[in-house]
Amino acid sequence: MTRVLLSGFKPFGGETRNPSAEVVAALRAAPPAGIALSTCVLPVDRFAAGATLIEQVQRDRPQVVVMLGEAGGRARVTPERVAINVDDYRIADNAGHQPRGEAVVAGAPVGYFSTLPIAAIVADLEAAGIPAAISDSAGTYLCNRVFYLLMHHGAVHGLSQRAGFVHLPYLHEQVAGKPHAVASLALPTLIEAVRIVLLRSCAQ
């Protein structure tokens, strides 16, 4: 059994749902075979989110960490290539924090690459008929921040865990009332997509 930690985020930005949290809940209830899965849903809070994730990593000692987040407007499931050392929030987080052009960790490296097999993940998703692509920008909001903090923590402490971030599109239900056409995927599709991500990440 491979020890895996899967994280998502609570809703933010006026949304009442977050696909990452709903996928985490579904897979917590029915984890893929061969995976000892632990999960957490992170607060959309600049300081609490990373601290919560790293506390669970320290407690559970996962071999693989897959972080999920919502990328409203994207049409594909997008494994992220890199986390960068920048906090620059277009909107405030749920606690009211809105840094502009600040470092995630002062004096730390400019970025960290994902250690998940992102090209193989995209190939597996496409083979399953799920739209997917590698993304070269996790943004500069909470998703990028926790991605960076987790990778920095691993580097500082010499951890060998594989880790990375995957962005998910909106759910269909989230876009039903929006005034303009916005891409979305069905919840069962996103659950299957993340199941594939977990299996490929453990098979590396």
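The values are calculated or read from the model by the stated rules, or taken from the named source; none is laboratory data. Predicted, not measured: the structure shown is a model, and the values here were computed from it. We place every Cβ from the backbone using ideal geometry, glycine too, and count neighbours over all the protein chains shown.
Considering only residues that are of a type in the set (A, V, I, L, M) and in contact with a Gly (Cβ under 6 Å, 6 or more places away or on another chain), look in region 16-68 and name the one that is nearest to Ala176 (Cα to Cα). Working first, answer last.
Keep residues of region 16-68 that are of a type in the set (A, V, I, L, M), which gives 21, 23-27, 29-30, 33, 35-37, 41-42, 44, 48-49, 51, 53-54, 57, 64-68.
Adding the requirement that they be in contact with a Gly (Cβ under 6 Å, 6 or more places away or on another chain) leaves 21, 24, 41, 68.
On the way: Ala21: 19, Val24: 22, Val41: 24, Leu68: 22 Å.
Within region 16-68, the match that is nearest to Ala176 (Cα to Cα) is Ala21.
Quick one: which residue in Gly107, Gly73, Gly96 is modelled with pLDDT under 95 and surrounded by fewer than 17 Cβ atoms within 10 Å (Cβ to Cβ)?
Gly73
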Next on the checklist: Going by what's in this entry, would Arg59 be described as in contact with a strand residue (DSSP E or B) (Cβ under 8 Å, 6 or more places away or on another chain), of a type outside the set (A, V, I, L, M, F, W, C) and either buried (at least 22 other Cβ atoms within 10 Å of the Cβ) or modelled with pLDDT of 95 or more (or both)?
Outcome noted: no
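If I filter region 121-131 down to residues being among the aliphatic types (A, V, I, L, M) and more than 17 Å from the chain's Cα centre (by Cα), which single residue comes out as nearest to Ala203 (Cα to Cα)?
Within region 121-131, the first condition is being among the aliphatic types (A, V, I, L, M), and the residues that meet it are 121-123, 125, 127-128, 130.
Filter once more, keeping what is more than 17 Å from the chain's Cα centre (by Cα): 123, 127-128, 130.
On the way: Ala123: 14, Ala127: 17, Ala128: 17, Ile130: 20 Å.
Only one residue tops the list, namely Ala123.
Restricting to region 185-202, and then to whatever is under 11 Å from Ser20 (Cα atoms) and either of a type in the set (Val, Ile, Thr) or without any contact (Cβ under 8 Å) to a residue 12 or more places away in the chain (or both), can you tell me which residue is surrounded by the most Cβ atoms within 10 Å (Cβ to Cβ)? Let's see the steps before the verdict.
At the first step, the residues of region 185-202 found to be under 11 Å from Ser20 (Cα atoms) are 187, 190-191, 194.
Cutting the leftovers down to either of a type in the set (Val, Ile, Thr) or without any contact (Cβ under 8 Å) to a residue 12 or more places away in the chain (or both) gives us 191, 194.
Details: Ile191: 18, Val194: 25.
The extreme case among them is Val194.
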Next on the checklist: Among the numbered criteria (1) outside any helix (DSSP H, G or I); (2) farther than 13 Å from Gly69 by Cβ; (3) among the β-branched types (Val, Ile, Thr), which one does Val166 miss?
Outcome noted: (2)
Checklist entry - Do you know which residues across region 169-204 are under 14 Å from the mean Cα position of the chain (by Cα), assigned to a helix (DSSP H, G or I) and of a type outside the set (Ser, Thr, Tyr)? => result Leu190, Ile191, Ala193, Val194, Arg195, Val197, Leu198
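Check Val182, Val175, Val156 and return the single one that is surrounded by 14 or more Cβ atoms within 10 Å (Cβ to Cβ) and without any contact (Cβ under 8 Å) to a residue 12 or more places away in the chain. Give the steps one after another, and end with the answer.
On the way: Val182 fails: without any contact (Cβ under 8 Å) to a residue 12 or more places away in the chain; Val156 fails: surrounded by 14 or more Cβ atoms within 10 Å (Cβ to Cβ).
Step by step, each of Val182, Val175, Val156 is checked, and only Val175 is surrounded by 14 or more Cβ atoms within 10 Å (Cβ to Cβ) and without any contact (Cβ under 8 Å) to a residue 12 or more places away in the chain.
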